[in-house]
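Working notes, beginning with the structure itself.
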Amino acid sequence: MTKLFPGLAVASLIAVSATTQRADAQSLANRVASASGRSIQFSYPARPGVCGDGRTYISTGSGNFYGSFSSNAADQCVAGPVRVVVDLADRNVIALRTYVGGANPVVDAGVANLGTVTAADATDYLLGVASRADGRVGRDAIFAALLADGVDLTPRLLDIGRDQNRPLETRRAALSGLVRSEPAQLDRIGAALVQIATNENDAQGVRTAALSVLSRLDHGAGIQPLVQLANGNITSWVGRESMTVLARSGDPRARQFLRSTVQRTDLSDEVLAAALRGLGREYVTANDASLLRSIYPRLTGQRSQDAVLASLSELGGSENVQWLTGIVRDEKAAPEARRRALQYLSRAGATTPALLALYDATPDMPLREALIGIYSRISDKAATDKLVWIAKNEQNLAIKRRAISALSRSSDPTIRQALQDIVER
């Protein structure tokens, strides 16, 4: 018997330990609810890469900072733990504040400290708050849960994201939290996001959030579903929104989809314009710019035409400036198209001499009026001298008066004298 006693003692200790662990793991919600103070706090391990100064800001890595941060404070960013302060009223959570940093988290005056809990217990409590709370509290609870180390939140986040009884802000926060997911979960998450995005009985704000999260899933896991949504529903809301989301992506599959879409001839002006603007965004290449220039002549809608003009003006460069100049000079082009091209030309980096040369090259009076406005905005000596010349020599009285009006806003004594001479003539 005596030989068996140590084993019994060990078994007893294990049983006591398990009982203690169950007590410690007693619902954190119950511990919070039974706390006597109006504010309580607890701490838990932070996932790798999360740090803060314990008070004013939190960094989640990759240059993502939340709170008040200055660049000279970067060396004060200390890895976890996470400290959450919960404010209560009648046992209801009315505010939730999250801090990171410091080996020994501080305890503010009047705050009851529940000590350190496991990441699993913390996230279980926080997502429980998010599943019930309204407004900002739900969003803040999800943010705090996402900082925890080693806990798979995917099922709970999906549940909150799908729950149409939850506030929109909370649901969007839950969906955004899915961006940082394990590779093994990505297919499941992608399918759920597509289901939300295509549910016409759900709020558009949540459906849009689902599409946005798809585009940001790790390893580009959501790009192909987005392409399928856009290709299969190009004239529907979900198709247009999918294309808009793809337009903000630099993924090669998204770029190729846009290149194919802008060459279609069966799309509305609105949809085609969205695709053209998407192709001309920050990931635009020289080949993309060439494609945009080649497509322009066959465009008939003003939105799609403006999309090309705007994209090329933002890209700039001598080749695009020369192309825009050609449209302005093309007397066979529609006058309104020439005037719009002129406005974009002035934004594309055209030189002052090149813009000045356009005045004498065109007899179109509306174009000349537009050029006077551009010269007035440039307001360097060459542009001002051209305005003076127009005020003195232009035969069209309306154009002449427009130049005089532009010059009259100058306080330069030389300009004021030139105006006086013109008036006295």
Problem - Percentage, to the nearest whole number, of Cα pairs in the chain over 31 Å apart - result: 61 percent
Fill in the blank from the handout: note: segment 152-249, Cα-Cα separations exceeding 19 Å make up a percent value of 33 percent
Completion exercise
Summed over the other residues with a beta carbon less than 13 angstrom from that of Gly110, with K and R at +1 and D and E at -1, the charge totals -1
Practice task
Can you give me the P(r) profile for segment 298-425? Cα pairs, bins 5 angstrom wide beginning at 0, each as a whole percent.
Solution key: 2, 11, 21, 20, 18, 12, 9, 5, 2, 1, 0
Exercise for the section: Largest first and in whole Å, give the semi-axes of segment 262-303's equivalent ellipsoid, each being the square root of 5 times a Cα gyration tensor eigenvalue. Expected result: 17, 12, 8
Fill in the blank from the handout: Loop-resident trypsin sites (Lys or Arg not before Pro) in segment 135-176 with no more than 13 other Cβ atoms inside 10 Å, DSSP not H/G/I/E/B, are none
Completion exercise
What one gets for segment 26-150 as the Kirkwood radius, inverse of mean 1/r over different Cα pairs in Å, is 14.5 Å
Practice task
Report, to two decimal places, the Cα Rg of segment 356-425 normalised by 2.2 N^0.38 Å (N = number of residues).
Solution key: 1.01
Exercise for the section: Using the Cα centre as the reference, give the magnitude of the dipole from point charges on the C-beta atoms of segment 106-172 (Lys, Arg: +1; Asp, Glu: -1; all else neutral), rounded to the nearest 20 debye. Expected result: 320 debye
Exercise for the section: At most 12 other Cβ atoms within 10 Å and a DSSP loop assignment: could you name the trypsin sites (Lys or Arg not before Pro) in segment 280-361 that fit? Expected result: Lys332
Problem - the chain, relative contact order [Cα under 8 Å, separation at least 6], % - result: 7 percent
Problem - Rg to Rh quotient for segment 262-350, alpha carbon positions, Kirkwood Rh - result: 0.93
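Values quoted throughout were computed directly from the atomic coordinates according to the rules given, and no laboratory measurement underlies them. Every value quoted in this text rests on a predicted model; they were computed, and no experiment measured them. Counting neighbours? That spans all protein chains shown, and the Cβs are built from the backbone with ideal geometry, glycine included.
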